[in-house]
Amino acid sequence: MFKTLVTAWKLPDLRKKMLFSIMILVLFRIGCVVPVPFIDASVISGWFNSAANSGTMFGYFNVLSGQAFSQGTLFALSVSPYITASIVMQLLTIAIPALERLQKSGEEGQKKINAITRYLTVALALITSYGYYLTLKNSVHAITDEGVFPMIVILACHCAGAAIIMWMGEKINERGLGNGISLILFVNIISSLPTMASSFVMYFQSTPLIVPIYAAMILVAIGIIAFVVFMTESERRLPVQYAKRVVGRKMYGGQSTYLPIKLNMSGVMPIIFASTIVSLPSTIALFFPQAQEGTFWYGVLQALSSGSFVYAVVLCLLIIAFSYFYLSISFNPVEVANNLKKNGGFIPGIRPGKPTSDFITKSLHKITLIGAFFLGIIAIIPMLVNLTGISFGSVTFGGTSLLILVGVVLEVRTDLESQITMRHYKGFLE
């Protein structure tokens with residue numbers, strides 16, 4: 001990775017792309033600390049710290065926003081409206097035939113899909129900012145001046161922040177390096193590392209442990225990272241053979257290749273969906289009087305509290321379900337089989353058409369199950385650490401954050417290598 005970065009830095013055009021991406025990310029982090037009028041950030045931070053410890057969805061929003069959500073700053077909504085809008089558009093293209101035809105109509109159709117996604121992002125940002133405002137006003141009591149004008153100012157600031165983040169991500173896609181939204185998420189998670197490091201240092205200073213235990217903890221952390229990298233890069237390659245065909249005086253086809261199926265094709269989306277749903281009861285309970293001990297609702301909240309056995313089981317089951325669901329909307333085996341048939345390709349031993357799509361579907365189901373179990377293991381790693389009795393204070397780094405970091409680093413590395421290879425850089429190819 002470092003050799004690839006050094007090689008890319010020596011190329012002027014790639015260096016410009018890297019500097020442009022860094023500049024946009026620095027501007028984004030500046031926006032994460034810009035205060036919004038009529039909001040008391042200290043009140044939000046105090047309330048949020050106590051609420052986040054109960055395992056609500058606010059903790060996930062805060063991690064994805066780089067601590068801006070718990071401060072009520074300009075970029076408090078972060079990339080959540082844009083990601084939600086993109087997922088909604090993916091679902092709508094399957095449910096609405098007109099959007100599906102628009103998506104398959106080439107570059108012009110994709111531009112229209114992107115335009116609809118932008119409008120939907122602004123609409124979702126308006127709805128989310130209004131809900132955020134009501135939470136700050138009624139539950140947190142962090143609004144310093146009530147009235148219509150302060151509400152309009154707060155909503156306008158947060159909606160504008162979400163639109164600016166969307167624009168920044170698209171600019172990185174156009175003129176920078178890597179995926180803009182992924183890089184923004186990466187920077188948000190990285191921004192919490194200093195606070196996490198101080199929490200680790202305070203824990204180690206207050207807890208006398210012998211040197212072998214320290215070494216074992218470091219080795220386990222390195223092993224987890226290596227395991228995540230290995231599983232993220234793993235794929236099953238289905239062999240594909242293209243038949244020979246003569247066009248004019250030239251012969252085409254005849255080569256052997258493969259169809260790669262990633263072990264973790266869904267990324268972190270199943271974990272985010274499952275964690276959000278399983279934390280809904282604890283989040284809703286924040287807006288109601290505390291349930292009395294011994295009641296039915298008290299038992300439900302205790303069972304679904306973060307760290308409990310029921311919480312871990314429900315989370316794993318939801319992750320498996322969402323892995324299959326997200327794969328069903330993002331990968332179409334029938335379309336892949338039809339494309340292979342049109343181009344004269346076939347899987348050895350499998351007839352073209354429906355038998356090929358059935359074979360790909362069967363392979364996908366097996367791979368998805370393994371990938372879903374992998375995501376489940378990564379998601380419950382923080383709970384397994386808690387069972388050991390080790391607590392690191394306010395550390396919120398979990399499996400989702402680790403998957404995002406590893407995925408973005410591998411994506412940037414792949415993008416850099418493809419850019420260098422495309423430019424036929426001799427020193428890299430040797």
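Every number in this text was worked out from the coordinates using simple rules, so none of it is lab data. Computed from a prediction, not measured in an experiment: that's the story for all the values here. Note: ideal-geometry Cβ built from the backbone for every residue, glycine included; neighbour counts use all protein chains shown.
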Expressed as a whole-number percentage, the relative contact order of the stretch 113-202 with C-alpha contacts under 8 angstrom and at least six residues apart is 24
Residue-ordered couplings for the stretch 407-413, obtained by feeding phi - 60° into the Karplus form 6.51 cos²θ - 1.76 cosθ + 1.60 and rounding to whole Hz (Gly and Pro as x), are x, 5, 4, 5, 5, 5, 4
For L259, distant residues with modelled amide H under 5 Å away: L238, V240
Label-point separation in nm, S206 to K10, each point 7 Å along Cα→Cβ: 5.0
Convert each backbone phi in the stretch 360-367 into a coupling constant with the Karplus relation 6.51 cos²θ - 1.76 cosθ + 1.60 (shift: θ = phi - 60°), then list the ³J(HN,Hα) values in order as whole Hz, x for Gly and Pro. 5, 4, 4, 5, 4, 4, 5, 5
Using the basic label-point model (7 angstrom from Cα toward the beta carbon), what is the L219 to A243 distance in nanometres? 5.7
Consider a paramagnetic label point 7 Å from the Cα of L19 along Cα→Cβ; state which residues of the stretch 146-190 have an amide N under 16 Å from it. 175-177
Charges on Cβ only, +1 for Lys and Arg, -1 for Asp and Glu, centred on the Cα centroid of the stretch 1-192; of N114, M151, F38, which one is farthest towards the dipole's positive end? N114
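Pairs on different chains or at least eight residues apart, Cα atoms closer than 29 Å: how many lysine pairs in the stretch 67-202 fit? Spell out each step's value before the answer.
Values: K104/K112; K104/K171; K111/K171; K112/K171.
Qualifying lysine pairs in the stretch 67-202: 4.
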Once the piece of chain linking I87 and V33 is laid out straight, how much longer is it, given 0.36 nm per residue of separation minus the C-alpha distance between them? 16.7 nm
To the nearest 0.05, how large is the calculated FRET efficiency for I96 and E146 if R₀ is 35 Å and r is the Cβ-Cβ distance? 0.25
Which value in nm describes the separation of the simple spin-label points at Y258 and E411, placed 7 Å from the Cα toward the beta carbon? 2.4
Name the long-range amide H neighbours of I39: under 5 Å, sequence gap of 5 or more, or other chain; modelled H, no Pro or chain starts. T144
